[in-house]
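First comes the structure, then the notes that go with it.
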Amino acid sequence: MSATRDELLRIHNWDQPVFGDAYCIRCTTDDVWSDATAWPCRPLLDAGLTLDEAHEIIAQHRAKVHAKHQAKKDEEKRKGQQAAEEFNARYPVGTRVIAYPSVRPEFDVQLAEDTRLITTTRTPAWTLGHGEPVVSVHGCAGGISLEHIDIDHDSPLGDGELIARVLTVKNLGRIDGWLDRLDVFAKGYWESVDGKLAVTGLRIGSDYADRVVAKFGDTIIWRADGSFTVRAAVAS
């Protein structure tokens with residue numbers, strides 16, 4: 001390829017919309033795609049660039065971009081697999097953790113507090129197809145990103161306890177829904193407040209002998225045998 005043609009190729013660079021043929025950036029004025037100048041443009045054709053050569057230039061460019069993207073994906077998968085393996089080496093199944101299924105508290109304190117789980121892992125960590133390392137925990141379907149998992153070194157969980165969830169006004173619906181998915185009967189607990197009936201907590205269990213009542217601020221404990229207990233809130 002002559003020096004003149006090399007220089008023209010640098011000047012008359014090309015681009016390509018998602019749909020459509022390549023166009024010459026230099027010869028297309030004001031980026032008007034409806035009246036774009038096809039690439040290779042006339043100066044390149046006059047300099048001897050053939051259509052086959054032009055197609056090969058585009059193909060080589062695409063191959064480089066694809067290789068770059070693939071290398072990035074492969075590196076992300078490698079790092080994800082390494083993170084999963086390191087997590088499994090340090091933390092066996094059953095490790096007590098604080099899980100944030102929706103958002104970490106650094107980004108939304110209230111939402112994180114409303115949705116967090118004090119729980120235990122129920123599977124080893126693994127990677128999703130794109131390389132994200134995740135782990136499954138009791139009380140949540142699917143996997144949660146390891147970035148949303150904190151090891152709970154001061155866990156309130158005791159032997160045989162899988163999950164601890166503090167009941168609040170805001171998360172009442174979510175906890176009720178969670179119990180529904182476990183096929184556990186639950187309904188609002190009503191009391192007289194300032195002379196008016198109001199929901200002050202949640203009644204869990206259909207059997208009178210086994211049912212428990214959690215008031216707002218109390219911690220609901222789900223045990224490995226499927227039973228529930230309640231840890232009363234500490235009065236301030």
Show the residues, 5+ positions off or on another chain, whose built amide H is closer than 5 Å to the amide H of residue 185.
205, 206
In whole percent, the fraction of accessible protein surface over the chain that belongs to carbon or sulfur atoms, probe radius 1.4 Å, stands at 52 percent
In nm, the gap between the two label points placed 7 Å beyond Cα toward Cβ at residue 223 and residue 52 is 8.0 nm
Nearest 10 degrees, 0 to 90: helix 172-181 Cα axis against the chain principal axis
90 degrees
Pairs of Cα atoms under 8 Å, at least six residues apart: use those to get the relative contact order of the chain, whole percent.
11 percent
Size of the dipole of the range 123-236 about the Cα centre, Lys and Arg at +1 and Asp and Glu at -1 on the beta carbon, nothing else charged, in debye to 20?
460 debye
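How high is the relative contact order of the range 97-236? Use alpha-carbon pairs under 8 Å, at least six apart in sequence, and give a whole percent.
Computed value for the range 97-236: 18 percent relative contact order.
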Summing -39500 (n - 2.57) over every DSSP H run of at least 4 residues in the chain and dividing by its residue count gives a helix-only mean residue ellipticity at 222 nm, to the nearest 500 deg cm²/dmol, of -9500 deg cm²/dmol
If I model a spin label as a point 7 Å beyond the Cα along the Cα-Cβ vector, how far apart are those points for residue 27 and residue 69 in nm?
2.8 nm
Mind listing the lone cysteines of the chain, meaning no other Cys beta-carbon sits under 4.7 Å from theirs?
140
Could you state how much accessible area residue 69 has, in square angstrom rounded to the nearest 10, with a 1.4 Å probe and all protein chains kept in place?
110 Å²
Per residue, how many Å² of accessible area does the range 132-216 show with a 1.4 Å probe?
55 Å²
Against the longest alpha carbon principal axis of the chain, how many degrees, from 0 to 90 and to the nearest 10, is the axis of helix 51-90 turned?
20 degrees
Just to compare against my own numbers: the Cα pair-distance distribution for the chain, 5 Å bins, whole % per bin, please.
1, 6, 10, 12, 11, 8, 6, 5, 5, 5, 5, 6, 5, 5, 4, 3, 2, 1, 0
Each label point is 7 Å from the Cα along the Cα-to-Cβ direction; what then is the distance between the points at residue 210 and residue 151, in nm?
3.6 nm
The extension gain from residue 60 to residue 6, computed as 0.36 nm times the residue separation minus the Cα-Cα distance, is 17.8 nm
Apply 1/(1 + (r/R0)^6) to the Cβ-Cβ distance of residue 45 and residue 78, taking R0 = 30 Å, and write down the FRET efficiency to the nearest 0.05.
0.10
Computed magnitude of the charge dipole of the range 1-157 (debye, nearest 20; Cβ of K, R +1, Cβ of D, E -1)
500 debye
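The values are calculated or read from the model by the stated rules, or taken from the named source; none is laboratory data. Note that the coordinates shown come from a computational prediction; the quantities given were computed from them, not determined experimentally. Neighbour counts run over all protein chains shown; Cβ positions are idealised from the backbone, glycine included. Surface areas here come from the heavy atoms of the whole protein model, side chains and all, with no ligands, DNA or RNA. Shrake-Rupley method; radii C 1.70, N 1.55, O 1.52, S 1.80 Å.
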